[in-house]
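The values are calculated or read from the model by the stated rules, or taken from the named source; none is laboratory data. All of these numbers come straight from a predicted model, not from anything done at the bench. We place every Cβ from the backbone using ideal geometry, glycine too, and count neighbours over all the protein chains shown.
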Amino acid sequence: MSTAPQANDSAKKPDSKAKIAAKANAAAEKSLAEAKAAKQAAAKAPAAAPRAKKAKVAKPAARPAHSEGRLAQVLIAPIVSEKATMAAEKHNQVLFKVMRDATKPEIKAAVELMFKVTVDSVQTVQHKGKTKRFGKSTGRRDHIKKAYVCLAAGQELNFSGESA
């Protein structure tokens, strides 16, 4: 008696696995057919009506100009060198060492605020610090950002502090 029930159980297992596999295949084919039908229906359908325009939302007021506290920090120091002097004579430009995250509009506003002049344009240069030896150890000078500020014709900056 012990051998007969085992034979029946083993005979049922392959049938049940086959039925499950058949059901899974049927479900997969059905979903594939539904997807194809939906795709064909979408292709045959006329183009959808244009979307309705969104209601206009009032824009917030323009962002305030740069704060004076930030502008006071943007300019670090004027650069006085042979190259800066040549740029001043030839192109009416002044060189400044500025903060590394300063933008051109901020630099322009800072120069106009501090020196009461009009600025035509600003060009900036990122200068990477040199690697140098300090005794046994090596180090690196700081990275700096330079700003070439082109002043309007007939204007100049006076760094000496004396009024002309």
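General remarks:
- Hits in segment 103-114 (condition: within 19 Å of the chain's Cα centre (by Cα) and closer than 20 Å to Val80 by Cα): none
- Flag set for Thr124, criterion: polar (S, T, N, Q) and touching a Phe, Trp or Tyr at 6+ places or on another chain (Cβ under 8 Å).
- Among the residues here, Gln73 qualifies as on the phi < 0 side of the Ramachandran plot, surrounded by 11 or more Cβ atoms within 10 Å (Cβ to Cβ), at pLDDT below 95 and under 29 Å from the mean Cα position of the chain (by Cα).
- Applying the set (1) at positive phi; (2) touching a Pro at 6+ places or on another chain (Cβ under 9 Å) to Lys116 leaves exactly one unmet item: (2).
- Selection from segment 77-96 of residues that are among the polar types (S, T, N, Q) and buried (at least 16 other Cβ atoms within 10 Å of the Cβ): Asn92, Gln93
- First in segment 120-144 and surrounded by 10 or more Cβ atoms within 10 Å (Cβ to Cβ), second anywhere and of a type in the set (Asp, Glu), Cβ under 9 Å, 6 or more apart: Gly129/Asp142
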